Amino acid sequence: MSVVLLDQFQRPLRNLRLSVTDRCNLRCSYCMPEPEYVWLPREDILQFEEIERLVDGFLALGVDKVRLTGGEPLLRRDLPALVERLAARPAIRDLAMTTNGILLAEHASALSNAGLHRLTVSLDTLQPDRFLELTRSRDLHRVFEGIEAAAPLFPGLKIDSVVIRGTNDDELADLIEFGKRYGAEVRFIEYMDVGGATHWSMDRVMSRADMLARLTERYGTLEPVEEVSSAPADRYRLSDGTVFGIISSTTEPFCQDCDRSRLTADGMWYLCLYASRGIDLRGPLRAGETPDEIAAIITRAWESRRDRGAEARLASRDRSPLIPIDTLRRDPHLEMHTRGG
Ligand code: SAM
Ligand code: SF4
Ligand code: SF4
């Protein structure tokens, strides 16, 4: 019988987001807006064998969903080899990856052959000038090529778009129409005030309610898709059957059902996207602690978990960017691109 580890709010440990690098080839304005960053020391980055040992610890404690992320995961050398090793573990019921798509055309078939189950591509705009403004890159065409290559290999491909008022909130329908061409479900994400989002302000958040109003003007009635799930997106169906989702992390957080935790590329484990401190698993691993000892660290931490970060932020009256820049520079673990989003 499989283990179910419950936290203080009866939320199971089930979903692990595994960051394989803190580096990125884009500079999205809502994630990495600063001119310079402090990177994790190279010698601290976990080797594939070390990642596997930690993942096995999590699998033994009930995790059955693993998502590779970053930084940009496809910058990690030989990533398909890691995918292949993870895909060989039957305890991983769902093995997914989130990528910005820039390097996807080169890697899509290797990822598929390696056994990756599902893929999400982040794409916030279809306009090259806007892409340049949002990401400081001229390579939007490479993201399109990546989606073109990946869509036939990963049925049910998802496209995630962070919506920022006054920046790309006029592209919701265009993104849905783009997704339709590839059979891809688009999910709109509310702009979050996570670490690293130093340009965040509440007036730039397009709420779920506003997105629905905008899409109703264009498509008419949107039918909510009824489903029981711990997944963060609320899904809606257009009259032609197309489904899209909204992740209302800022205005209507879903901490109540949150079964997610995050492991950074250097082996720090975070129980919440907003947690100010993580739990060091690299230290014990490299010190030769046994799988049982590491399992005990994970168990103790999860059983005491009370984190409901986004709800706490919603309740705070004065909302400005979460973490000042000098604090972020002192500890890159506070950054979204280190935690993996
Ligand atoms: N680089 C990859 C990518 O962009 O797909 C994976 C890592 S990225 C940190 C994971 C997700 O976090 C992306 O979909 C990104 O849009 C999202 N993200 C980053 N900063 C965000 C913010 N301030 N608000 C909402 N989503 C954010
Ligand atoms: Fe953008 Fe992802 Fe890179 Fe952050 S980690 S800058 S969201 S591509
Ligand atoms: Fe989970 Fe923390 Fe996000 Fe809430 S804020 S959904 S507890 S990761």
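The values are calculated or read from the model by the stated rules, or taken from the named source; none is laboratory data. Just so we're clear, the structure is a prediction, and the values are computed from it rather than from any experiment. Please note: Cβ atoms are built from the backbone with ideal geometry, for glycine as well, and neighbour counts cover all protein chains shown. Accessible surface areas use protein heavy atoms only, side chains included; no ligands, DNA or RNA. Shrake-Rupley method; radii C 1.70, N 1.55, O 1.52, S 1.80 Å.
Let me know the shape class of segment 270-336, please: from the alpha-carbon gyration tensor, a ≥ b ≥ c as square roots of the eigenvalues, rounded when a/c is under 1.5, otherwise prolate if a/b is greater than b/c, or oblate.
Details: a/c = 5.24, a/b = 1.71, b/c = 3.06.
Taking the square roots of the gyration eigenvalues as a ≥ b ≥ c, segment 270-336 is oblate.
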Anyone know which of ARG77, ARG130, ARG27 comes out most mobile in the 10 Å Cα GNM of the chain?
-> ARG77
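If you filter segment 210-276 for trypsin sites (Lys or Arg not before Pro), then keep DSSP loop positions with at most 11 other Cβ within 10 Å, what is left? Mind dumping the intermediate values first?
Values: sites: ARG214, ARG218, ARG235, ARG237, ARG260, ARG262; in loops: none.
Sites meeting the loop and neighbour criteria: none at all.
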Quick one: what Rg and Dmax do you get for the chain from the alpha carbons, in Å?
-> 19.2, 60
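Below 8 Å between Cα atoms, with a sequence gap of 6+, how large is the relative contact order for segment 15-339 in percent?
Details: 598 pairs, mean separation 69.0, N = 325.
About 21 percent, as a whole number.
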Taking the simple approach of a point 7 Å from Cα along Cα-to-Cβ for both ASP78 and ARG181, what is their distance in nm?
-> 3.7 nm
From the backbone phi of segment 222-233, what are the Karplus-calculated ³J(HN,Hα) couplings (6.51 cos²θ - 1.76 cosθ + 1.60, θ = phi - 60°) in whole Hz, Gly and Pro given as x?
-> 10, 8, x, 8, 7, 7, 9, 6, 8, 5, x, 8
Just the isolated ones, please: cysteines in the chain lacking another cysteine beta carbon under 4.7 angstrom.
-> CYS24, CYS255, CYS258, CYS272
For the chain, give the percent of accessible area contributed by carbon and sulfur heavy atoms, probe 1.4 Å, rounded to a whole number.
-> 49 percent
How about segment 1-52: which GluC sites (Glu not before Pro) there are in a DSSP loop, with at most 14 other Cβ atoms within 10 Å of their Cβ?
-> GLU36
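Per residue, how much accessible area does the chain have with a 1.4 Å probe, in Å²?
Normalised by residue count, the accessible surface of the chain is 44 Å².
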In range of the label at SER229: residues from segment 149-171 whose backbone nitrogen is under 17 Å from the point 7 Å along Cα→Cβ = 155-161
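Expressed in nm to one decimal, what extension gain is obtained for the pair PHE48 and GLU303 from 0.36 nm per residue of sequence separation less their Cα-Cα distance? Intermediate results must be reported in sequence, preceding the final value.
Numbers: separation 255, 0.36 × 255 = 91.80 nm, distance 2.75 nm.
Working it through step by step, the gained length comes to 89.1 nm.
Can you sort VAL121, VAL38 by solvent-accessible area, 1.4 Å probe, largest first? The partial results should precede the final answer.
Values: VAL121 0, VAL38 70 Å².
Result, largest first: VAL38, VAL121.
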